[in-house]
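Report on the following structure.
The values are calculated or read from the model by the stated rules, or taken from the named source; none is laboratory data. Everything numeric here is computed off the predicted structure, so don't read it as measured data. Glycine gets a Cβ as well: all are built from the backbone with ideal geometry, and neighbour counts include every protein chain shown.
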Amino acid sequence: MGLLRRIWASPSGRLGMVATLLVILGGVAAPLIATHMPNQLDVAARLTPPSGAHWLGTDHLGRDLFSRALFGTRIAVGVALAVTATALVAGILLGVTAATAPPVIERTILAAFDIVSSFPSLILALALVAVLGPGLLNIIILVTVVFVPQFGRVARAQTLAVKERPFVEAERALGASGGRILAFHILPNIVGPIVVLASMNIPVVITLEAGLSFLGVGIRPPLASWGTMLFDGFTYLEQSVWPVLVAGGSLTLATLGFTLFGEALRDALDPKLRREP
Amino acid sequence: MTDSVQTIEVEELRITFSGGVQAVAGISLALKIGETVGLVGESGSGKTTLAKALVGLNRPTSGKVKLEGRDLTSLTRADRLWLRRRVQMIFQDPLSSLSPRMKIASLLAEPIKIHGLDRHERWPKVLDLLARLGLSKAQLEKYPHQISGGQARRVAIARALVTDPSFLIADEPTAGLDVSVQGELLNLLADLQKRHSLGILIVSHNLNVIGRVTDRVAIMYLGKILEEGVTRTVFRSPRHPYTHALLSANPVIDPEHKREKLVLSGEIPSPSNPPSGCRFHTRCLKVQDRCRVEEPVLTGTEGQRYACHFPLESAA
Amino acid sequence: MNRETLVEIKNLSVDFSTAKGALHVLRDVSLSIPRNRVVGLVGESGSGKSTLALALLGLLPDNTGEVSGRIELDGENLLDVPPEELRRLRGGRIAMIFQDPMTSLNPVFSIGTQLVDAQRNRHPQLGRRELLKRADEMLKRVGISNPEARLAAYPHQLSGGMRQRVMIAMALLCEPDILIADEPTTALDVTIEAQIVRLLDDLRADFSGSIVLVSHSLGLISELCDEVAVMYAGKVVESAPTKILFGNPRHPYTLALLACEIDPEDEPGEALVTIKGGLPDLIDVPKGCIFAARCPSRFGKCVEEPPLCEVEAGHKSACWLA
């Protein structure tokens with residue numbers, strides 16, 4: 001496919017693609033690759049450095065760090081994808097509605113967006129946790145809420161711009177209904193930029209989830225999350241650096257990979273940046 | 001009108017945009033099948049707004065749009081669908097009027113779907129039409145950006161004719177075309193008109209094109225028709241000073257400089273604040289006091305009508 | 001009137017590099033621009049007329065490939081002039097009027113500032129006050145009423161016709177030896193176009209330089225130019241004094257173009273004349289006469305390329321039949 005080849009063409013795109021693939025593959029194949037169960041305790045071998053039995057060492061309960069990091073990938077990437085996909089759909093729905101509905105509805109939606117985005121995302125997430133309580137599902141819901149306005153605003157701006165393009169008028173002249181124009185002519189022309197935005201948002205969601213879990217209001221133990229691993233490792237930092245290194249390293253690899261991939265995707269899709277071969 | 005069955009017409013049409021711009025300020029105009037009418041005007045004349053009102057893209061502020069005797073001013077959904085099946089438009093920039101993420105085949109099939117027509121019966125006709133327009137079947141699988149400007153123009157024309165309309169509104173159909181190919185497009189329109197007995201409205205600022213291919217012409221200025229009638233008559237013997245100036249300003253091949261050019265001074269006033277009285281009085285070479293206060297109405301015969309208190313002598 | 005050459009274009013060829021190979025936009029173009037005359041370059045899209053104008057200005061686009069030949073201004077080859085000096089020439093001896101004045105005027109500076117800056121190359125010794133005064137006078141000369149107010153205005157506050165007048169004033173303030181006007185009236189309404197045509201016609205009288213008018217409109221060319229060069233697919237196919245060219249065209253392409261011109265006086269109903277076929281491939285340029293594929297008078301000899309030869313005094317045509 002031309003798109004993937006264009007992403008592959010730049011060094012940073014290549015790096016991003018490899019890192020992203022590694023992370024996703026690790027998450028998907030976690031049960032196959034993992035050497036231990038993520039919550040399997042080995043009290044005899046607590047806080048050990050890497051060895052033949054535990055490739056990346058163990059944590060304070062003797063759990064295998066390599067396996068926990070792999071299963072943590074499932075949580076991190078799973079939450080990020082779920083949040084981004086939900087926020088994407090909700091954002092497009094609200095944004096397109098705002099752009100096409102009567103002014104009262106438009107103003108209401110925009111006001112809601114403004115309220116949500118006027119809080120720093122972490123603070124807002126903490127506030128929502130206070131209301132909903134921690135937990136995997138709640139994390140997904142509240143991080144989604146935080147991200148909807150971004151997608152919604154872009155979707156609205158794109159819709160407003162596409163609506164003014166001559167082919168929309170040509171479709172109207174042909175007799176196409178509003179719904180048909182929206183579904184067949186406006187949506188296909190606005191999703192591109194929003195998907196790019198979404199791909200660049202995945203690393204942000206990953207860090208936000210890790211941050212919340214680190215603060216103890218996100219993923220609850222014993223589920224393996226990079227954030228909780230980081231927090232636990234932090235407590236025992238003086239005895240072993242490995243838990244922090246493994247959790248932090250995974251986080252870095254994932255965010256870097258998705259960021260580079262998202263940027264390369266944006267460049268590959270932007271015809272203005274596309275050079276003639 | 002007696003033969004209103006075969007006519008699309010506007011009566012005392014006014015279209016005011018939010019912001020107070022009166023783009024169309026009381027216009028009556030009819031287009032019959034088998035007839036080509038030219039609509040001429042400079043920027044701000046409202047010619048495109050009027051054209052779009054005919055296909056139901058602009059809602060009248062007041063006045064009527066009547067298609068085959070039926071008043072469509074209220075435009076219910078069913079009315080609108082019917083109107084759009086009978087009256088089609090080709091837009092100025094053909095490429096940008098084609099939805100970019102649809103293949104040519106889907107673009108051509110759209111009118112069939114929208115109007116719930118029988119695909120088995122229509123599609124062969126569409127293919128016939130394509131062949132007549134000089135497009136190959138290979139183009140069907142392409143996207144708009146993969147075809148040339150000339151091909152896009154043909155696709156746009158084919159798309160407009162899929163529903164078998166009676167009326168075709170063409171907005172600047174020759175804009176941006178070289179002289180060696182503009183004739184081809186106009187010949188094509190003339191040919192299609194004969195085959196489908198279409199009524200065609202050509203909106204253009206190109207007086208040569210209008211003068212050559214239309215039967216009737218209307219000259220617009222700031223939302224009003226200043227002169228209208230049989231093209232030949234109007235072009236040979238304009239009665240309104242604006243028409244006269246427009247025709248005189250039209251660059252024609254004249255290496256010997258035989259022709260005395262009439263150059264209007266001043267700018268075209270803004271349509272949001274048109275001059276009082278006759279809208280043309282600020283630039284008219286024959287302006288008198290009466291023109292500044294009293295707006296002239298269209299007078300004359302079916303063959304030539306003009307809105308001027310002090311019309312030019314008839315050359316005939 | 002004696003004909004003294006100001007610019008001599010000799011065997012100019014220009015390539016644009018594209019993904020598919022070198023596009024030979026201009027091939028072996030020779031043309032002389034006499035002092036104090038208006039020369040028209042007329043042709044359809046793809047003829048190379050705008051590229052020729054840009055070459056004169058030294059403003060060929062970034063994707064320009066190989067350039068050969070000479071453009072001599074008073075004997076000096078402009079193609080050899082270093083960019084820095086060329087830039088100085090552009091504000092001084094060579095000036096240009098573009099099709100769309102909105103895109104060539106800077107939206108963030110007032111008209112006055114832009115008119116002052118335009119003269120800096122030409123009159124580095126004068127201060128802003130003097131330059132503004134000159135700008136004021138020039139605006140009056142190009143028919144702008146209330147110039148003081150216009151000098152303080154920004155481009156978007158002026159109408160299209162007014163902006164084109166400002167562009168003309170800006171070009172004239174440079175006191176150029178050669179003024180290049182690329183489709184100067186194409187973006188304007190008919191009645192405003194007539195005003196600009198009259199203005200250009202009036203200015204000719206006391207303008208000491210030469211004007212090169214690039215246009216697709218034979219009407220405009222016939223009204224304004226002393227001499228015309230007809231271009232087709234990167235070649236000059238015919239050149240002559242205007243009256244001779246329109247009165248006695250000797251190249252089939254010129255004849256065809258004139259035939260395509262719509263005359264509203266013609267009887268309606270008859271099919272309009274067109275030139276069948278399309279532009280030749282300018283990457284893999286066909287051998288022989290460039291117009292042969294579309295030419296109604298084509299014969300055996302057309303497989304060889306006809307040179308641009310004088311057929312009568314001052315009248316050249318690149319056709320074996322001329």
- A:GLY13: outside any loop (DSSP other than H, G, I, E, B), touching an Asp or Glu at 6+ places or on another chain (Cβ under 8 Å) and either crowded, with 16+ Cβ neighbours inside 10 Å or among the β-branched types (Val, Ile, Thr) (or both), yes or no? yes
- Filter the stretch C:161-204 for residues that are closer than 23 Å to C:LEU54 by Cβ and of a type in the set (Gly, Ala, Ser); which is nearest to the other protein chains (Cβ to nearest Cβ)? C:ALA187
- For the stretch C:1-108, list the strands (runs of 3 or more DSSP E) that sit wholly inside it and hold at least 1 residues that are within 25 Å of C:HIS123 (Cα to Cα) and of a type outside the set (D, E, K, R); which are they? C:5-18, C:64-73, C:94-97
- Out of all the residues in the stretch B:67-82, is one or more among the basic types (Lys, Arg) and either surrounded by 22 or more Cβ atoms within 10 Å (Cβ to Cβ) or touching an Asp or Glu at 6+ places or on another chain (Cβ under 7 Å) (or both)? no
- Pick out the one residue from B:ILE210, B:ILE202 that is among the hydrophobic types (A, V, I, L, M, F, W, C), crowded, with 19+ Cβ neighbours inside 10 Å and more than 11 Å from chain C (Cβ to nearest Cβ). B:ILE202
- Query: Is it the case that C:ARG298 is within 25 Å of C:PHE16 (Cα to Cα) and crowded, with 16+ Cβ neighbours inside 10 Å?
  - Reply: no
- Of all residues in the stretch B:222-264 being out of contact with any strand residue (DSSP E or B) (no Cβ under 7 Å at 6 or more places or on another chain) and of a type in the set (D, E, K, R), the one that is surrounded by the most Cβ atoms within 10 Å (Cβ to Cβ): B:ARG232
- Message: Checking the conditions here, which among C:SER50, C:SER110 is surrounded by 16 or more Cβ atoms within 10 Å (Cβ to Cβ) and under 13 Å from the mean Cα position of the chain (by Cα)?
- Response: C:SER50
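Filter the strands (runs of 3 or more DSSP E) completely within the stretch C:210-322 down to those with at least 2 residues that are free of Cβ contacts under 8 Å to residues at least 60 places away in the same chain.
Strands (runs of 3 or more DSSP E) meeting the threshold: C:309-312.
When you look at A:THR108, is it in contact with a helix residue (DSSP H, G or I) (Cβ under 6 Å, 6 or more places away or on another chain), part of a helix (DSSP H, G or I) and among the polar types (S, T, N, Q), yes or no?
Spelling it out, it is not the case that A:THR108 is in contact with a helix residue (DSSP H, G or I) (Cβ under 6 Å, 6 or more places away or on another chain), part of a helix (DSSP H, G or I) and among the polar types (S, T, N, Q).
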- Task: Look at A:LEU174 and say whether it is more than 23 Å from the chain's Cα centre (by Cα), surrounded by 23 or more Cβ atoms within 10 Å (Cβ to Cβ) and within 14 Å of another protein chain (Cβ to nearest Cβ).
- Result: yes
- Taking the stretch C:245-276 and the residues there that are of a type in the set (Gly, Ala, Ser) and under 30 Å from B:GLU35 (Cα atoms), the one that is surrounded by the most Cβ atoms within 10 Å (Cβ to Cβ) would be C:ALA256
- Query: Name the residues in the stretch B:56-112 that are touching a Leu at 6+ places or on another chain (Cβ under 9 Å), among the acidic types (Asp, Glu) and touching a residue at least 24 places away in the same chain (Cβ under 8 Å), would you?
  - Reply: B:GLU110
- Condition set surrounded by fewer than 18 Cβ atoms within 10 Å (Cβ to Cβ) and small (Gly, Ala, Ser), scope the stretch B:173-189, selection nearest to the other protein chains (Cβ to nearest Cβ): answer is B:GLY176
- Query: So which residues in the stretch A:145-174 are more than 28 Å from B:LEU81 (Cβ to Cβ) and among the basic types (Lys, Arg), if there are any at all?
  - Reply: A:ARG153, A:ARG156
- Task: Go through the stretch B:124-152 and give me each residue that's buried (at least 17 other Cβ atoms within 10 Å of the Cβ) and either of a type in the set (Gly, Ala, Ser) or part of a helix (DSSP H, G or I) (or both).
- Result: B:VAL126, B:LEU129, B:LEU130, B:GLN139, B:LEU140, B:PRO144, B:GLN151, B:ALA152
- Item | Inter-residue pairs, beta-carbon under 8 Å, first over 23 Å from C:ALA259 (Cβ atoms) and in contact (Cβ under 8 Å) with a residue 12 or more places away in the chain and in the stretch B:181-203, second in a helix (DSSP H, G or I) and not hydrophobic (A, V, I, L, M, F, W, C), 6+ apart | B:GLY199/B:GLN6; B:ILE200/B:GLN193; B:VAL203/B:LYS47; B:VAL203/B:THR48
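One line per residue, one yes/no per condition, for (1) farther than 17 Å from A:ALA99 by Cα; (2) in contact with a His (Cβ under 7 Å, 6 or more places away or on another chain); (3) surrounded by fewer than 21 Cβ atoms within 10 Å (Cβ to Cβ):
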{"site": "A:GLU169", "(1), (2), (3)": "no, no, yes"}
{"site": "A:PRO193", "(1), (2), (3)": "no, no, yes"}
{"site": "A:ASN201", "(1), (2), (3)": "yes, no, no"}
{"site": "A:VAL217", "(1), (2), (3)": "yes, no, no"}
{"site": "A:PHE231", "(1), (2), (3)": "yes, no, yes"}
{"site": "A:LEU256", "(1), (2), (3)": "yes, no, yes"}
{"site": "A:ASP267", "(1), (2), (3)": "yes, no, yes"}
- Task: Please verify whether the stretch B:213-231 includes one or more residues that are without any contact (Cβ under 8 Å) to a residue 40 or more places away in the chain, under 25 Å from C:VAL197 (Cβ atoms) and within 14 Å of chain C (Cβ to nearest Cβ).
- Result: no
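Here is a yes/no grid of residues against (1) modelled with pLDDT under 90; (2) closer than 26 Å to C:ALA313 by Cβ:
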| position | (1), (2) |
| --- | --- |
| C:ILE221 | no, yes |
| C:ASP263 | yes, no |
| C:PRO268 | yes, no |
| C:PRO286 | no, no |
- Query: Considering the stretch A:16-29 alone, what residues qualify as being closer than 26 Å to A:GLY52 by Cα and crowded, with 19+ Cβ neighbours inside 10 Å?
  - Reply: A:ALA19, A:VAL23, A:GLY26, A:GLY27
- Residue satisfying condition, being more than 13 Å from every other protein chain (Cβ to nearest Cβ) and under 30 Å from B:GLU228 (Cβ atoms), within set B:SER136, B:SER166: B:SER166
- Task: Please work out which residue is surrounded by the most Cβ atoms within 10 Å (Cβ to Cβ), limiting yourself to the stretch B:265-308 and to residues that are of a type in the set (Val, Ile, Thr) and more than 14 Å from every other protein chain (Cβ to nearest Cβ).
- Result: B:VAL287
- Task: Give me the pairs, please: first residue somewhere in the stretch A:104-130 and more than 29 Å from A:GLY227 (Cβ to Cβ), second residue anywhere and among the aromatic types (Phe, Trp, Tyr) and in a helix (DSSP H, G or I), beta-carbon distance under 9 Å, and either six or more positions apart or on two chains.
- Result: none
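Of the residues C:SER217, C:SER239, which single one is surrounded by 24 or more Cβ atoms within 10 Å (Cβ to Cβ), within 30 Å of C:PRO306 (Cβ to Cβ), hydroxyl-bearing (Ser, Thr, Tyr) and within 18 Å of the chain's Cα centre (by Cα)?
Values: C:SER217 fails: surrounded by 24 or more Cβ atoms within 10 Å (Cβ to Cβ).
The conditions single out C:SER239.
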- For the stretch C:252-273, how many residues are at the interface with chain B (Cβ under 9 Å from one of its Cβ atoms) and touching a Cys at 6+ places or on another chain (Cβ under 6 Å)? 1
- Looking at the stretch B:1-107, what strands (runs of 3 or more DSSP E) fall wholly within it and have at least 2 residues that are within 14 Å of chain A (Cβ to nearest Cβ) and touching a Phe, Trp or Tyr at 6+ places or on another chain (Cβ under 9 Å)? B:87-90
